[in-house]
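A short write-up of the structure that comes next.
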Amino acid sequence: MISILAQERLLGAALGSSLIGVVVFEQRRTIYNSISEFHSQFSPQSKITEPVISKKPRLELGHLWNQAVDQTLGSLIKSLSSRGW
């Protein structure tokens with residue numbers, strides 16, 4: 001069984017990673033919007049939009065993410081499930 005300290009560190013790392021991901025995403029979105037507004041002031045006919053990932057690669061990326069999480073945390077989930085967590 002993982003010690004309490006290791007569990008807290010793992011939880012902290014996971015929460016920290018997700019928080020950083022959200023902050024980076026929001027900053028990128030803000031940067032794209034400010035660039036778009038700047039360009040629209042000088043040339044209204046051309047507008048830079050945020051790059052959009054098409055639906056198929058997005059689904060493939062989600063599937064790959066789920067596989068990676070299953071491979072990485074699969075044994076941990078099984079051991080916690082067997083203990084009744």
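The values are calculated or read from the model by the stated rules, or taken from the named source; none is laboratory data. Just so it is clear, the model here is predicted, and its values are computed rather than measured. For accessibility, only protein heavy atoms count, side chains too; no ligands or nucleic acids. Shrake-Rupley method; radii C 1.70, N 1.55, O 1.52, S 1.80 Å.
Taking all protein chains together and a probe of 1.4 Å, list Val69, Val23 from the most accessible to the least accessible.
On the way: Val69 50, Val23 70 Å².
Largest accessible area first, the residues go Val23, Val69.
What figure, in Å² to the nearest 10, do you get for the accessible area of Ile77 with a 1.4 Å probe and non-protein molecules left out?
Here the accessible area works out near 90 Å².
Using the Karplus equation 6.51 cos²θ - 1.76 cosθ + 1.60 (θ = phi - 60°), what ³J(HN,Hα) coupling, rounded to whole Hz, does each residue of the stretch 16-24 give in order, writing x for Gly and Pro?
Ordered by residue, 3J(HN,Hα) equals x, 5, 5, 5, 4, x, 5, 5, 5 Hz.
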